[in-house]
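Asker: Here it is, the structure in full.
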Amino acid sequence: MANSGHIVVDFGGAGEDARRELLPAVTPPPVPYVLSFTDLSYTVRKRQDGLRGCLPSRASNRLASTDALPNNMKRLLDGVSGEARDGEMFAVMGASGSGKSTLVDALAGRVARGSLGGAVTLNGEPLQGRRLRAISAYVMQDDLLYPMLTVRETLLFAAEFRLSRVLSPAAKRDRVDRLIDQLGLANAADTVIGDEGHRGVSGGERRRVSIGTDIIHDPILLFLDEPTSGLDSASAFMVVQVLRTIARSGSVVVMTIHQPSSRILGILGRLLLLSRGRTVYAGTPAGLKPFFSEYGTPIPDNENPAEFALDTIRELEGSKPDGSKPLAVFNAGWQATQKLITDGSKPPPSPLTLEMAIAESVARGKLVAGSGTGTAATSVPTYANPLAVEVWTLIKRAFTNTRRMPELFGLRLGTIMVTGVILATIFLRLDDTPKGVQERLGFFAMGMSTMFYVCADALPVFVQERHIYLRETAHNAYRRISYVLANAVVSFPPLVVLALAFAATTFFAVGLSGGASSFLFFSLIILASLWAGSGFVTFLSAVVPHVMLGYTVVVAILAYFLLFSGFFINRDRIPDYWIWFHYMSLVKYPYQAVLQNEFSDASRCFARGVEMFDGTPVGGMPEAIKMKVLQAIGETLGANMTASTCVVTGADVLKQQAVTDLGKWMCLLVTAAFGFFFRALFYVVLLVGSKNKRK
C-alpha cells in the first residue's frame, strides 16, 4: 500500500472488521539545505626543477586576487563564490587546470583549514571537521573496489562499516537492496566487480557501485570528482540520472564534470564554470545562451552550450596568459544584475538551525549511520561501530576477496616449495664433517634469507589498496588501527602453511638433527621469519608510493641484512662502526637460532682425528703424514689423539661462528617481535601520513 501514494486510516471497534478509507498521503517538504561558499582562495608553491623541486612546498592563504604573486607561487582558486541547494545538482566545469577539482576538495573539507581563504557554510553555519565527515560523502574519480566481491557484497560491507550496529542485519540488507534498486544495479547484483584478469560488471555499473559505497548511509552532502569520466554517453547519462534521484531525496550534490552531453546538461541544476581559478559563469544551464550572447559570442542553435562555453574559454586562455580575465569581469557584472532580478524570488532562509535541520533529516531516514544514536547532530558518532566489529568486518572482506583468487596463494606456495626442493636436493643428507658444517651454514643462510625475499609479494597489497583505504577512512568508515589489526590477522594463516611446507621439504632431506623437537623449532623460526618479513614489507608499502620502487628498496635492504647477519663475516670481526647494523639485521636472529638448534648438542662431533685438517694445506698430504702431525699435536697438548678422537663439537662450531650472545628461544622472540614492531610502524605511518588533504 505504501506504493499507492495513500495512507490507510482505520474506523471501527474491536469486535468488528475495521473499515478503511484511502486518503491522499501528505509528504512533508524536504529539509532545506544551502551549501554556500564565499571568496574561496587557495595558493600553493609551484614545483621547481632540480634540487629545489625536492624541497617541501608551503601553502598560502593570500586572499586578494589583485595582489601580485611571487614567481614561485600559483593561485588555484581566486575568490570563487556560489551556492548549492538540496534537490538539484551543482556541476563545476572547466578545462584541465581550471581548479574545478580543487574547488570540490575545498568544499568537501579535503584542503587543510589553514591553507584555504574564504568561508564555507551550510545553512549559514560553518562546517566543522567532524560534523562535515559525518554528514557528507566524497566519491573519487577512480573506481576503487575489491575485484572479487560481488556488487551486493561490496555494498553490504560498506553498510557494515557505515551503518550503526544498532541496526539489525535485516535492516542493513534492506538498505542495500533499496540502494541497488536506486542505482539500477538489480541485474548485476550478484556479479563480481572484476579487474583486468577477471570479467565483471561494466564500466557504468562499476561507477554506480563506487558511488553506492559512499552513499550507503544516505549523506546530506555528496561530492563527486568526474563521475562520468571514462564512460560512454549512455552510461554517463545513467550515472547522472542516479545522481539526480539522490539530489531529489534531499541531498546536496556537488560534482565536477567534463563536457557533458546535451542530455546531461538538461538535467543539471546549476553550473559553475572556472578558468584558472576564477569564476567565468555561474547560473543555470539555460542561462548559458543569454550570457554568451550578451558577452558577444552567441551560441549557435545546433551546438551543445557546454561544449561551446568550454571551447570559448580555452580560446581565451590560449590567446594570452590572462586571456579569460575579461570574461570573468563580465561575469561579475552579469551576476550583480541577475542578483537584483532574482533576489525577490529566492526562497526564504530556513528557520531551522543546522543542528535542528540535521536532526530532522535523521528522523526522516537520512544519515542512516546515526539513525539509532539520537536526534541531535552532535550525537552522530565519529565511528559507526566499535573496534571489534570493524576488525571482524575487514577480516571477512579480505578473506572473501582473497579466497576467490586461489592462484595468488598457489603461486606463493609453489615458489616456496620450489625453493625448498632446490635447497633440499643441493644439500641432500649432509654428513657430520667439517665440509658438512660449512654446507649447513650455507643452507641456513640461504634458507633464512629466502624467507624474507619471499615476503616481498606482500608489497603490492597495500600499494594497491591505499586509495581504497584513504577513501574509506576519510569519512571514518573505520579506525586506522582496525585496518592494521585486520591486515595482520589475514596475513598470518598463509604464513603458517608456507612455514610448514618449507620445513617439511628441507628439514629431513638435508639431514638436520634433533628429531621432532628440533623440527618444531625449525618450523617456528621459519614462521617467525615470514611474520617479521611480511611486517617489514607491509611497513615499506605504506612508505613507498610505487610498487617497482618498493621492490628496489626491499631487495637492497634485505641484501644488507644478509651481509650483516654473521654468515659472511662473524660478529666479532665486524667493525665497531657497523656493529649496530648487525643487531638491526632481520636475518641475524633466525640464522643464529637455526645454528643453535642444529649445533647445540655438545656431544655431537663434527671433526674426528685427521678430519680437522680438511681445508688446510695438511689436508692434501698422505694419510700417514697427517697421523704423524696429529700425534705431534697430541704430544704438545699432552693428550692422546687418535683417528677417532673428536676435535670439533657442536659447541665449538657455535663459538667459531660467534653466535653465542643470545639463546635460540630469545632469537625466536626477537624475530617475532620485529613483526609486531614493523606493524606498529605501519600504523604510525597510516596515522601521520594519510590525512587525505591538500596542504
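Nothing in this text is a laboratory measurement; each read-out follows from the coordinates by a stated rule. Computed from a predicted structure; not experimentally measured. With ideal geometry, Cβ positions are generated from the backbone for all residues, glycine too; neighbour counts draw on all protein chains shown.
Asker: Stretched out fully, how many nm does the piece from I633 to T400 gain, at 0.36 nm a residue minus the Cα gap?
Answerer: Length difference between fully extended and current span is 77.0 nm.
Asker: What are the semi-axes of the equivalent ellipsoid of the chain, taken as the square roots of 5 times the eigenvalues of the Cα gyration tensor, listed largest first and rounded to whole Å?
Answerer: Details: eigenvalues 918, 200, 84 Å².
Computed over the chain, the values are 68, 32, 21 Å.
Asker: Now a separate question. Taking 41 Å as R0, compute the FRET efficiency from the Cβ-Cβ separation of T642 and D576 and round it to 0.05.
Answerer: 0.45
Asker: So how much slack lies between R178 and S202, counting 0.36 nm per residue of separation and subtracting their Cα-Cα distance, in nm?
Answerer: 6.6 nm
Asker: Arrange the following residues from fewest to most other Cβ atoms within 10 Å of their Cβ: H217, H467.
Answerer: Ascending Cβ contact count within 10 Å gives the list H467, H217.
Asker: Still on this model: Please report W578, W531, W334 as a ranked list, fewest other C-beta atoms within 10 angstrom at the top and most at the bottom.
Answerer: With the fewest neighbours first, W578, W531, W334 line up as W578, W334, W531.
Asker: So what is the relative contact order for the chain, in percent, with contacts set as C-alpha pairs under 8 Å and at least six apart?
Answerer: Computed value for the chain: 13 percent relative contact order.
Asker: Assuming R0 = 35 Å, what is the FRET efficiency of F409 and V684, from their Cβ-Cβ distance, to the nearest 0.05?
Answerer: About 0.75, to the nearest 0.05.
Asker: Using only alpha carbon pairs under 8 Å that are at least six residues apart, calculate the relative contact order of the stretch 460-540 and give it in whole percent.
Answerer: 31 percent.
Asker: Say the cut-off is 22 Å between C-alpha atoms; which of K626/K655; K588/K655; K46/K320; K100/K325 go over it?
Answerer: K626/K655
Asker: Using the alpha carbon gyration tensor of the stretch 553-678, what are the three equivalent-ellipsoid semi-axes (square root of 5 times each eigenvalue), largest first, in whole Å?
Answerer: 37, 16, 11
Asker: I would also like to ask the following. If you line up the long axis of helix 459-474 against the longest principal axis of the chain, both from Cα atoms, how many degrees apart are they, to the nearest 10?
Answerer: The angle comes out near 30 degrees.
Asker: Which residue, chosen from N331, T400, T425, occupies the Cα position most advanced towards the positive end of the dipole of the chain, where the dipole is computed from +1 (Lys, Arg) and -1 (Asp, Glu) charges on Cβ about the Cα centre?
Answerer: N331
Asker: Follow-up question, since we're still on this one. At what distance in angstrom do the alpha carbon centres of the stretch 184-223 and the stretch 242-303 lie from each other?
Answerer: Taking the Cα centre of each part, the stretch 184-223 and the stretch 242-303 sit 26 Å apart.
Asker: If you place +1 on the Cβ of every Lys and Arg, -1 on the Cβ of every Asp and Glu, and leave all else neutral, what size is the dipole of the chain about its Cα centre, to the nearest 20 Debye?
Answerer: So the magnitude is around 1160 debye.
Asker: Let me ask something additional. In debye, nearest 20: dipole of the stretch 104-237 around its Cα centre with unit charges on the Cβ of K, R (+) and D, E (-)? Please report the intermediate quantities before stating the final value.
Answerer: Values: 16 positive and 18 negative charges, 124 e Å.
Using only the charged Cβ atoms, the result is roughly 600 debye.
Asker: So for the chain, taking the charge dipole from beta-carbon charges (+1 Lys/Arg, -1 Asp/Glu), which of G194, L310, L352 sits furthest toward the positive end?
Answerer: After comparing all options, I get L352.
Asker: Determine the sum of side-chain charges near F613: Lys and Arg each +1, Asp and Glu each -1, restricted to other residues whose C-beta is under 14 angstrom from that of F613.
Answerer: Details: positive: K435, R608, K626, K628; negative: E611, D614, E623.
That sum, taken over residues with Cβ under 14 Å, equals +1.
Asker: Please report the antiparallel percentage of DSSP beta bridges with both residues in the chain, rounded to the nearest 5. Walk me through the numbers before you get to the answer.
Answerer: On the way: 34 of 52 bridges.
Of those bridges, close to 65 percent are antiparallel.
Asker: Enumerate the calculated ³J(HN,Hα) couplings along the stretch 39-45 in order (Karplus 6.51 cos²θ - 1.76 cosθ + 1.60, θ = phi - 60°), each rounded to whole Hz, writing x wherever the residue is Gly or Pro.
Answerer: These are the phi-based 3J(HN,Hα) values: 6, 6, 9, 8, 10, 10, 7 Hz.
Asker: Rounded to the nearest 10 degrees, what's the angle between the helix 325-342 long axis and the longest principal axis of the chain, both from Cα atoms, 0 to 90?
Answerer: Approximately 50 degrees, to the nearest 10.
Asker: Sticking with this one: Which shape class, rounded, prolate or oblate, goes with the stretch 605-650 when its Cα gyration tensor gives a ≥ b ≥ c as root eigenvalues, a/c under 1.5 marks rounded, and past that a/b bigger than b/c marks prolate?
Answerer: Working: a/c = 1.89, a/b = 1.07, b/c = 1.76.
It is oblate, given that a/c is not under 1.5 and a/b is not larger than b/c.
Asker: Among R471, R45, what is the fewest-to-most ranking by other Cβ atoms within 10 Å?
Answerer: Taking fewest neighbouring Cβ atoms as first place, the list is R45, R471.
Asker: Less than 14 Å Cβ to Cβ from T538, Lys/Arg counted +1 and Asp/Glu -1: what total charge do the surrounding residues give?
Answerer: Residues near T538 contribute +1 overall.
Asker: To the nearest 10 degrees, how steep is helix 406-426 against the longest Cα principal axis of the chain, on a 0 to 90 scale?
Answerer: 10
Asker: Picking from L132, P590, C455, whose Cα lies most toward the positive end of the charge dipole for the chain (charges on Cβ: Lys, Arg +1; Asp, Glu -1)?
Answerer: Ranked along the dipole, the leading option is L132.
Asker: To the nearest 0.05, what FRET efficiency results for A234 and A559 with a Förster distance of 41 Å applied to their C-beta separation? Mind showing how you got there, number by number?
Answerer: Values: r = 53 Å, r/R0 = 1.30.
Efficiency computed from Cβ-Cβ geometry: 0.15.
Asker: Working out 0.36 nm times the residue gap between K325 and E303, then minus their Cα-Cα distance, what length gain in nm do you get to one decimal?
Answerer: Stretched out fully, the K325 to E303 stretch lengthens by 5.5 nm.
Asker: Where in the stretch 476-509 does the label zone of A388 land, with the point 7 angstrom along Cα→C-beta and an amide N cut-off under 16 Å?
Answerer: Under 16 Å, as judged by backbone N against the label point of A388, lie 482, 486 of the stretch 476-509.
Asker: A further question follows. When the helix-only estimate is applied to the chain (DSSP H runs of n ≥ 4, each -39,500 (n - 2.57), divided by the residue count), what is the mean residue ellipticity at 222 nm, nearest 500 deg cm²/dmol?
Answerer: Result for the chain, helices only: -16000 deg cm²/dmol.
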